[in-house]
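Let me begin by presenting the structure, written as structure tokens, before commenting on it.
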Amino acid sequence: IAWLWALRVQAGGKRRDYWVCGAALGLAFTTQFTALPLFALLPLAHLFSTGRGANRWLLEGFVIAGAAFLIGTPYSILDFSRFWAGLRDTAALAELETRDQSAILRQVLRNLWNFASQGSIAGPAALFGLVLLLAKKTGRALLLAGPVAGYILVLGSNPDGGWPRYLIGAAPGLALLAAEGLSALEKRRWAVGLLVLLALGPGLLLSWRYST
């Protein structure tokens, strides 16, 4: 939802689009703290908007994001001391764990490349789509790629960042970039079916194998 309304904001959205995007960001963060990089969506959408909204709308969006987080995580106010202690304990535990920073970063990048499944062409297509968008719609490209870059920075510095599930918040942006790349290759009708098969087929095959 946050991705959708960020795109609406970037397309010259209205005040309520900022509000909905902010609410979605706050709820995403209360669901999974690794959604933090998604907060880049709203300022990027505002910065590259085709019809720049008022700056106060951006501030209102973040205020609503905070309110949504508090609604979804009420104990952060009701028992702030324990909430804060839990965050500090988690950070301290991460500092104690031995880790190979470069190995974690490589795993995060590998997860991005295989976001649609191992063997899928969606990963390479997303990179190709980013290159194409940078050339013709730079603002849209940076909006889609910015949060993904944030995920790389956040997860790459976390000892548990190599788990693929932590990238679920980046999936819509990656899928949109992949769609941009794949659409540039559909010169003929038969190619569309082939591209869909190569993009979705490996994941469907793996899912079938796991379920049997």
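The values are calculated or read from the model by the stated rules, or taken from the named source; none is laboratory data. As the structure is a computational prediction, the values presented were derived from the model and not from experiment. Note that we place each Cβ from the backbone using ideal geometry, even for glycine, and neighbour counts take in every protein chain shown. Each accessible area value is taken on the protein alone, full model and side chains, heavy atoms only, with ligands, DNA and RNA left out. Shrake-Rupley method; radii C 1.70, N 1.55, O 1.52, S 1.80 Å.
Per the conditions (1) more than 19 Å from R8 (Cα to Cα); (2) in contact with a Pro (Cβ under 6 Å, 6 or more places away or on another chain), the sole criterion not satisfied by A149 is (2). Within region 175-196, the residues that satisfy the criterion of being open to solvent by 40 Å² or more (accessible area, probe 1.4 Å) and among the hydrophobic types (A, V, I, L, M, F, W, C) are A175, L176, A179, L185, W190, V192, L194, V196. State which residue is farthest from the chain's Cα centre (by Cα) when the search covers only region 43-81 and only residues that are among the polar types (S, T, N, Q) and surrounded by fewer than 16 Cβ atoms within 10 Å (Cβ to Cβ). Filtering first and then ranking leaves S81. Could you tell me whether any residue of region 129-138 is out of contact with any strand residue (DSSP E or B) (no Cβ under 7 Å at 6 or more places or on another chain), within 25 Å of L47 (Cβ to Cβ), charged (D, E, K, R) and surrounded by fewer than 21 Cβ atoms within 10 Å (Cβ to Cβ)? Within region 129-138 (the criterion being out of contact with any strand residue (DSSP E or B) (no Cβ under 7 Å at 6 or more places or on another chain), within 25 Å of L47 (Cβ to Cβ), charged (D, E, K, R) and surrounded by fewer than 21 Cβ atoms within 10 Å (Cβ to Cβ)), the answer is yes, since at least one residue qualifies.
Checked against (1) open to solvent by less than 70 Å² (accessible area, probe 1.4 Å); (2) in a helix (DSSP H, G or I); (3) farther than 28 Å from A11 by Cα, G119 passes all but a single condition, namely (2). For region 125-139, the criterion of being within 17 Å of the chain's Cα centre (by Cα) and in a loop (DSSP other than H, G, I, E, B) is met by no residue.
Condition check ((1) at pLDDT 90 or above; (2) part of a helix (DSSP H, G or I)) across all residues:
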| residue | (1), (2) |
| --- | --- |
| G51 | no, no |
| E60 | yes, yes |
| G86 | no, yes |
| T90 | no, yes |
| N111 | yes, yes |
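The C-beta contact set for region 13-29 (first residue open to solvent by less than 50 Å² (accessible area, probe 1.4 Å), second residue of a type in the set (D, E) and part of a helix (DSSP H, G or I), distance under 8 angstrom, 6+ apart or interchain) comprises Y18/E60; G22/E60.
Taking the conditions exactly as written (within 27 Å of A11 (Cα to Cα), in a helix (DSSP H, G or I), modelled with pLDDT of 90 or more and under 14 Å from the mean Cα position of the chain (by Cα)), does A178 satisfy them or not? Yes, satisfied. For region 150-174, the set of residues classified as open to solvent by 50 Å² or more (accessible area, probe 1.4 Å), of a type in the set (A, V, I, L, M, F, W, C) and assigned to a helix (DSSP H, G or I) consists of L153, V154, I168, listed by residue number.
Among the residues of region 11-28, those identified as more than 13 Å from A65 (Cβ to Cβ) and part of a helix (DSSP H, G or I) are R15, R16, D17.
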